[in-house]
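Report on the structure given below.
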Ligand SMILES: [Zn+2]
C-alpha cells in the first residue's frame, strides 16, 4: 500500500494514501528507526526531533522514520496503532479514500501526556486538552477502548479495569 508525505491542512506535513483503503485492514508496519537512549540521543542536526518519537508504555522511546513520523492527530481519526511483540502496525478503523490524510488519535497511543492545543478542524475537536487515554471523557473512552494499543492495555491493565468497573456502577 502506497503512502505519501504531503502538505497537510492540519499541521505541517501529513501522511496520505494513494489508493482506497478498506476499513479493518493493516496498512503497514510503522517504520521505527531505532531506540532513543542516553547513549544514542536524538540528533537535531539530522532532523531527529522529539515529536518524531513514539513512547512505548514500558518507558522506552523509538525514533519513528518516514513516512509515519508525519502522522497527524485528529479528534476524528482514521487509523490506530497496534503493537505486538514491540512491532507496531498501522491499522485502519474506517474506510479511507484515495488522497485522504491518515490521522491518528494520539490519546490512544498514550496514557498520560501533555496539554496541547488541537486544531484538527473536526466538528468533534477537543481543542486544548491533555493527551492520554486516562484524560478522555468516559463516553470517548468507551468509543476508543477497542483501538487502544494492546501494549498500553497490558501495561495499564489495572487503570483500564477501573474505567470499565466505573461504567458498570453508573
Ligand atoms: Zn482536535
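Coordinate-derived values only; no laboratory data. Because the structure is predicted, anything quoted here is derived from the model rather than measured. Cβ atoms come from the backbone with ideal geometry, glycine included; neighbour counts cover every protein chain shown.
Below, the figures for the structure above:
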{"quantity": "Those residues of segment 76-96 whose amide nitrogen sits under 12 Å from the label point placed on residue 40, 7 Å along Cα→Cβ", "calculated": "none"}
{"quantity": "Relative contact order [Cα under 8 Å, 6+ residues apart], segment 112-170, whole percent", "calculated": "24 percent"}
{"quantity": "Förster radius 30 Å - calculated FRET efficiency between residue 134 and residue 61 (Cβ-Cβ, nearest 0.05)", "calculated": "0.90"}
{"quantity": "Ellipticity estimate at 222 nm from DSSP helix runs (n ≥ 4, -39,500 (n - 2.57)) divided over the chain, nearest 500", "calculated": "-4000 deg cm²/dmol"}
{"quantity": "Residue-span extension gain [residue 76 to residue 6] - 0.36 nm each, minus C-alpha spacing", "calculated": "23.2 nm"}
{"quantity": "Rg to Rh quotient for the chain, alpha carbon positions, Kirkwood Rh", "calculated": "0.95"}
{"quantity": "Nearest-0.05 FRET efficiency for residue 166 and residue 87, computed from C-beta distance (R0 30 Å)", "calculated": "0.40"}
{"quantity": "Ascending count of other beta-carbon atoms within 10 Å, so fewest first, for 100, 50, 39", "calculated": "39, 50, 100"}
{"quantity": "Least to most buried among 109, 83, 18, 103 (fewest other Cβ within 10 Å first)", "calculated": "18, 83, 103, 109"}
{"quantity": "The chain, relative contact order [Cα under 8 Å, separation at least 6], %", "calculated": "23 percent"}
{"quantity": "Two-site label geometry, residue 26 and residue 50: point separation in nm, points 7 Å out along Cα→Cβ", "calculated": "3.3 nm"}
{"quantity": "Mean-position separation - Cα centroids, segment 145-170 and segment 18-73, in angstrom", "calculated": "25 Å"}
